[in-house]
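S.K.: What follows is a single structure, and I will ask about it in a moment.
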Amino acid sequence: MTGAWTGERAAARAAPTGAVRLARRVVAPHMDERPALPGTARVGALGQRMGVNDCGVGRNGRGGGGRADWFALAGFNCRASLAPPLAPFSLGPQPVSFSRREGKRNGLGPRRGTLQTKSSRPVGEIINYPLSIFNYQFILNYLEVKIMSMNQYLDIAPEVAEALKGGKPVVALESTIISHGMPYPQNVETALKVEAIIRENGAVPATIAILGGRLKAGLSHEEIEYLGKKGLAVTKASRRDLPVLCARGEDGATTVTTTMMIAHMAGIAIFATGGIGGVHRGAETTMDISADLEELGQTPVMVVCAGAKSILDLGLTLEYLETHGVPVIGYGTKELPAFYTRKSGFSVDYEIDTPEELAAAFHAQRALGLKGGMLVTNPIPEEFSMDPAVIGAAIDKAVADAKAQGIHGKETTPFLLAAIKDITGGDSLHSNIELVFNNARLAAKTAAALAKL
Ligand code: PSU
Ligand code: MN
């Protein structure tokens, strides 16, 4: 059986460093009904023959089936940045295609194929190289192929797709903060204002949520209003919730975890929010540790936040992040901010004082091939910060109430957020809103700086 598939380069641009970035969209059979990204080709018929199993990996059961790289090559959007030795691979203006031919199997089982241009002209030396799965893997490692869209469930809003295609700055935003983090209507007002602030600072906002089982990168105002009104009735969606929500076509508000995941699938590197989840107080018995920390350890997205609330055990949260190799940066501070206050008594790993240096550090993390994210903690502006004694007492009371009422699992964080707001009579909500604005500004400036690298 012969299978072939074609992918077309969506955008390529030379960075000042000489590195070449290539965004390629490959259309898989199940994507035929989906709108293509602006400016990309749709190759439905050729895609028909192509599926993960048709790549010779999963089907013959040899050579490590299920590799992410193969999945990327097998028809999902992928973005590659190419190191200079392989620059010819992506430099040609021609659309690139892969054709796989039925060939002899060698003793190790891989099929062979050739990588060539759509017109069968070689793009460069590498392209003509006969490929076994092993040297494929080698090339892919060089290519640093990253999955932009690992499934058929992703919808990137046209404006966001256009910005990504042109290498323009984009900032992701979460939706649990809308549905579970603040009351209506302040949640919707804040979400819309945050988007406006990101635009004022030169980036395109992409609020992320799950709507009708679709992973949405970029929401309309109506969609934000819908989530804000629905509030706690929307499922708070962490990593473990995605499969069932997508299969059932349900809605989900994305936490830091799922926002990072979907941002990364879409090719968005920077994400602004209020606070992250962490290791809860008493986790030594409850084992309540937010999936946000795991995600920071594995997904290459920069998260700009105001630290974490002391509803958490901040010391253990930092230990956990260290174990998972997540750099914790203080923006203009050496001390971890505690959300409502600028100080926590804990040190961060590094102080960085400019968006350009943040972007450079994130860029270096990628260039080093490190897999995780980066946590930027940006202290609440002085004028909006709260009295540590007042907020400390409110948090202690909220934590005690949660314990007394037997609140646990995913309800814990939303319960504590609402209790703190009630106890402080709304003062904390005001601070919460202002710190999100502050983070949006920093994230947009950092995204702009990153786009220049
Ligand atoms: N902390 C806040 N505000 C929030 C959240 C946490 O100060 O809105 C939300 C975020 O969406 C975060 C999630 O990802 O709660 C963490 O929930 P959990 O602790 O259940 O992992
Ligand atoms: Mn939890």
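S.K.: Taking 8 Å as the Cα distance limit and 6 or more residues as the minimum spacing, I'd like the relative contact order of segment 316-453 as a percentage.
M.R.: Computed over segment 316-453, the figure is 28 percent.
S.K.: Rounded, prolate or oblate: which fits segment 276-418, taking a ≥ b ≥ c as square roots of the Cα gyration tensor eigenvalues, rounded meaning a/c under 1.5, else prolate when a/b beats b/c?
M.R.: Here segment 276-418 falls in the oblate category.
S.K.: Once you list every other residue whose beta carbon is under 15 Å from the beta carbon of Ile311, what net charge do they have if Lys and Arg are +1 and Asp and Glu are -1?
M.R.: Result for the neighbourhood of Ile311: -1.
S.K.: What is the distance, in nm, between label points placed 7 Å from the Cα along the Cα-to-Cβ direction at Glu322 and at Val390?
M.R.: 3.4 nm
S.K.: Let me ask something additional. Mind checking which of Ala361, Gln405, Ser385 is farthest towards the positive end of segment 320-411's charge dipole, using Cβ charges of +1 (Lys, Arg) and -1 (Asp, Glu) about the Cα centre?
M.R.: About the Cα centre, the residue reaching furthest to the positive side is Gln405.
S.K.: By the scheme Lys and Arg +1, Asp and Glu -1, what is the net charge of all other residues having a beta-carbon under 13 Å from that of Val244?
M.R.: After counting each charged neighbour, the total is 0.
S.K.: Order by neighbour count: Phe346, Phe415, Phe362, fewest other Cβ atoms within 10 Å first, most last.
M.R.: Listed from fewest to most nearby Cβ atoms, that is Phe346, Phe415, Phe362.
S.K.: Counting other beta carbons within 10 Å of each Cβ, put Glu159, Glu434 in order, fewest first.
M.R.: Fewest-to-most ranking of Glu159, Glu434: Glu159, Glu434.
S.K.: Beyond a 32 Å Cα-Cα separation, which of these cross-linked pairs lie in this structure: Lys193/Lys343; Lys168/Lys410; Lys168/Lys343?
M.R.: Flagged as over cut-off: Lys168/Lys410; Lys168/Lys343.
S.K.: Same structure again: What does the charge count around Tyr331 come to, taking other residues whose C-beta lies under 9 Å from its C-beta (Lys +1, Arg +1, Asp -1, Glu -1)?
M.R.: Spelling it out: positives minus negatives among the neighbours equals -2.
S.K.: Same structure, new question: To the nearest 20 debye, what charge dipole does segment 233-319 have about its Cα centre, counting +1 at the Cβ of each Lys and Arg and -1 at the Cβ of each Asp and Glu?
M.R.: 180 debye
S.K.: May I pose another question? Most exposed first by the Cβ proxy, i.e. fewest other Cβ within 10 Å, how do Thr341, Thr317 rank?
M.R.: Result, fewest neighbours first: Thr341, Thr317.
None of the figures in this text is laboratory data; all of them are computed from the coordinates on show. Worth saying up front: this structure is predicted, and the values here are computed from it rather than measured. Every residue, glycine among them, receives a Cβ derived from its backbone with ideal geometry; neighbour counts consider all protein chains shown.
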